[in-house]
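Structure, as structure tokens:
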Amino acid sequence: MEVLTTGTKAVVTRTANRRSEGPVRAPRQGGVRRAVWVGAFLAPAVALVAALLVVPFAVTAYRSLFDDNGITARFVGLANYRSLLTDPDFGRSLLNTVMWVVGTLVLPVLLGLLLAVLTHSVRWGAVARTAVVIPYALSGSATALLWTYLLKSDGAVNQTLSAVGLGGWQQDWLLHWPLNTVVMIVATTWQSTGAALLLFLIGLQTIPAETIEAARIDGAQGLQMFLKVIVPQLRPMTVVVVGMSIVNSLKTFDIVWLLTQGGPGTASETLALTMYRQTFTLNRYGYGAAVSVVLTAVVVAASWLYLRRQVQPQRGGAA
Amino acid sequence: MGLIDLSRTTSRRALLASSFAGAAGLALSSCARGTLSRPAPADVLSLFSDNPSWNSGFQDAGRQLSRLSGYRLAPQGVPNVSNYQQIVRMSAQTDSTADLIKWWNGYRLRDVARAGILADVTAAWDEADRRGWCRDPALRASFTSDGRQYGVPLYKSYYAVFYSKPLFARLGVDVPTTWQEFLHIVDTAHARHITPIAAGGATSWESSIWFQQLVNGLDHDFYLDLTAGKRSYTDVPCRQAMEVWSDLYRRGAFSSPDVSVSDLPGRFTQGRTAMCLYGTWNTGALLDAGLKNADLGAFLLPPPPGGNRSVVVESGVLAVSANAHKRQAAEATARAWLDPSVQRAWTGFLRDTSADPSVVPDVGAVREVVAQVQKEHVPQAVRYWEASPPVLIEGNVQDLSAFMIDPTPSQAAKTVASMQRRAEKEWKAWKS
């Protein structure tokens, strides 16, 4: 929202400057001083991004060109990337990552939206919202520990099923693919729906009461009101929630590591786990670096494509 | 909105200045040199291990060591094995390293020894041999790289079947001496709805436990050749071992593969599980978790039909860093490590066996295993985890984990084929 507003202002300012360039010319000295000030304010942010993101990425990309065991390194060019393409484990890891992206887009975002709308203006809504938001306050490792006790073969879920006479429904929840990936997505949904719910609630509060009232006078209600009025009004917030979900799902690590360690075998590995295993378990620093370069490229490409499509300057509004 | 009136308490400039000072202080402190970049105090040697719970044991051993070498130990533990390995690999190349390092033997030791980060401690083995503390050529070979030794044995564990004595009494069975007797116990427990054997490994190295046991039990020499890269995983003894393993699953011998060894004391106490094949290094943890010494027994698994009696052993490594601040003192400590007085203090804490066969802790289960090993002169083989190049082992362990989820003959065939493909690739990489 803020970005749009600033962008719009910038467009207006640029247009205004262009129009006024001819007759009134700003003094050169003032322009330099302004540039110095702008540079001074930008410098800390640029330095931080360069030191914490750009330089490490460049070092990682450079390291991916070596066969490196942490003690000795040998230049191998693009051999690590060629190995990736022929590695069946990498293919499975990529597929799991796609499952995570789809799963965490569909479940937490839709559930968060539905729960926000349903509990927004009802009497006991606050109680329901609190129940959904509390898991969001738990750490990833606490959540994983809890779900481990639930989903182990002799865990609470199977014991409960057995106790109520549904023993036939018992499963090895974490031992078979794709079931293990699906239940881990469900566990993540349990934890992260609260965040989506909060953001959508904020979005709901920004919808002008007049808009809802006008729609109601025009005869809109129920599902029609939700789909034709509320959802379009929530678009800016949906952009944020979906964008965050995409990035978070692409770098899924903690819950998978703690529940299955990417196993059995490498069945439930995501790209982030493959990177960790290659680097820190197998001590193949070059290969792990290659996986992280691919992962970074995927995250940046997905974020850029999504935001480029969704966040556009409101040219009409500025005119 | 009640804004805070900064002028009354502190000026904005002062606030900004103190914020910058705080940030600068934090930045500078992050650049400070760590404690390992300086030598430890006078009579102290720093020791790095991946097990913080061993710290008090190292201190006990250090008190004995200080009488012999003049130096005691200051252990530092990093609880995560992966993190620990990274720290050692990186720090051992710098001046910010501990004097003594805990590591693993076999190919894991060779992996770092050939990179030059460990000191040669062949003299310590020579002295142990001369004094009769440890004359074990097979164990010594697993500490060797290019004919020199790069660590002394921290302990020597045997892989044995732990069992619940009260449960065996309730089932009316005794310690088995043959494979048939062992199967009888499995069937008896299964018929009484008791899990015969707890065997985890769905997502951990523990999937290699039954593989190494069955291959080594069926053909000890083949196991040695297989792990040395001289035989194939698709050869008969290996396929036979997978068949036996698969057959045990068909009989209902094993727990679900996501069982954790930390659940074992509870399972034994509640009578839910009868046995568990594991390293004797876990004895202390089992006793600390509430199992009574008198209720815990252990025996060597009888070999399957056609096999021979042999046992898998595991040994941790106490190594000297090549860049140690007090290298001479660390080497002297390594020479004194196998002295019986040090070993008694150390194994008394660990409740596991020493590389010195005369030092045995006062724990029933461990004494039973040692007595059996000494009486029957059982041949020994290095644990699978350390017996081949690490990358090969890590990959194969994952294949074995996948097999435990689907322990069918067809999956067994796929598993050994995959292990062999990896073996061909990784042995080539290791030798290059």
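Since every read-out is calculated from the coordinates, none of them should be taken as a lab result. Bear in mind that the values here come from a model prediction, so they are computed numbers and not experimental data. Glycine also receives a Cβ, built like all others from the backbone with ideal geometry; neighbour counts cover every protein chain displayed.
For each of B:179, A:173, count neighbouring Cβ atoms within 10 Å of the residue's Cβ, then give the residues from fewest to most.
Sorted ascending by nearby Cβ count, the order is B:179, A:173.
If you count the DSSP beta bridges with both ends in chain B, what percent of them are antiparallel, to the nearest 5?
Working: 21 of 35 bridges.
Around 60 percent of the beta bridges assigned by DSSP in chain B are antiparallel ones.
Suppose a student asked you for the relative contact order of region B:312-432, using Cα pairs under 8 Å spaced at least 6 residues apart; what percent would you report?
Rounded, it is 18 percent for region B:312-432.
How would region A:80-312 be classified by its alpha-carbon gyration tensor: rounded, prolate or oblate, with rounded meaning a/c under 1.5 and the a/b versus b/c comparison settling the rest?
Cα axes put region A:80-312 in the oblate bin.
Kindly put A:227, A:307 in sequence by how many other C-beta atoms sit within 10 Å of each C-beta, fewest to most. Write down the numbers at each step before the final one.
On the way: A:227 11, A:307 16.
Result, fewest neighbours first: A:227, A:307.
In whole Å, how far is the Cα centre of region A:113-181 from that of region A:215-274?
17 Å
Semi-axes of the protein assembly as shown's equivalent ellipsoid from the Cα gyration tensor, sqrt of 5 times each eigenvalue, largest first, rounded to whole Å?
So the three semi-axes of the protein assembly as shown are 55, 36, 25 Å.
Sequence neighbours fewer than 8 away in the same chain don't count; with that in mind, list the lysines whose C-alpha is under 16 Å from residue B:428.
Leaving aside lysines fewer than 8 places away in the same chain, those within reach of residue B:428 are B:230.
Shielding of A:264-270 by partners, i.e. mean partner chain Cβ atoms within 10 Å per residue? List each step's numbers first, then the result.
Values: counts 16, 15, 5, 5, 1, 1, 0.
Mean partner shielding for this stretch: 6.
Of all DSSP beta bridges in the protein assembly as shown, what percent run antiparallel (nearest 5)?
Roughly 65 percent of the DSSP beta bridges within the protein assembly as shown come out antiparallel.
What whole number of Å gives the distance from the Cα centroid of region B:115-193 to the Cα centroid of region B:380-432?
Value for the Cα centre distance between the two parts: 21 Å.
How big is the convex hull of the Cα atoms of chain B, per residue, in Å³? Don't skip to the end; give the middle numbers.
Working: hull volume 89.7 nm³, N = 432.
Expressed per residue, the convex hull around the Cα atoms of chain B is 208 Å³.
Do you know the relative contact order of region A:80-312, to the nearest whole percent, from alpha carbon pairs under 8 angstrom that are 6+ apart?
29 percent
So which chymotrypsin sites (Phe, Trp or Tyr not before Pro) in region A:108-165 are both in a DSSP loop and have at most 14 other Cβ atoms within 10 Å of their Cβ?
Taking region A:108-165 and a limit of 14 other Cβ atoms within 10 Å, the loop chymotrypsin sites (Phe, Trp or Tyr not before Pro) found are A:124.
Which one, B:389, B:347, B:416, is farthest towards the positive end of the dipole of region B:324-432 when Lys and Arg carry +1 and Asp and Glu -1 on their Cβ?
B:389
Please report A:206, A:188 as a ranked list, fewest other C-beta atoms within 10 angstrom at the top and most at the bottom. Intermediate results must be reported in sequence, preceding the final value.
Working: A:206 11, A:188 25.
Ranked by crowding around the Cβ, least crowded first: A:206, A:188.
If you wrap region B:80-180's Cα atoms in a convex hull and average its projection over all directions, what's the area in nm²?
Hull-based average projected area comes out at 10.5 nm².
Which value, in debye to the nearest 20, gives the size of the charge dipole of the protein assembly as shown about its Cα centre, when Lys and Arg are +1 and Asp and Glu are -1 at the Cβ?
So the magnitude is around 3000 debye.
Evaluate peptide B:398-408: per residue, the Cβ atoms of other protein chains within 10 Å of its Cβ; return the mean as an integer.
Rounded to a whole number, the mean comes out at 4.
Give me the inter-chain shielding for A:66-79: mean count of other chain Cβ atoms within 10 Å, whole number please. Please report the intermediate quantities before stating the final value.
Values: counts 0, 2, 0, 6, 10, 10, 3, 0, 1, 0, 0, 0, 0, 0.
Neighbouring Cβ atoms belonging to other protein chains average 2 per residue here.
Full extension from residue A:32 to residue A:57: what is 0.36 nm times the residue separation minus their Cα-Cα distance, to one decimal in nm?
5.7 nm
Give the cross-link partners of residue B:326 among the lysines, using a straight C-alpha distance below 18 Å as the criterion and excluding same-chain residues fewer than 8 apart.
Partners found: B:102.
Starting from the Cα of residue B:413, step 7 Å along the direction of its Cβ; do the same at residue B:148; then give the gap between the two resulting points in nm.
Modelled inter-label distance: 5.0 nm.
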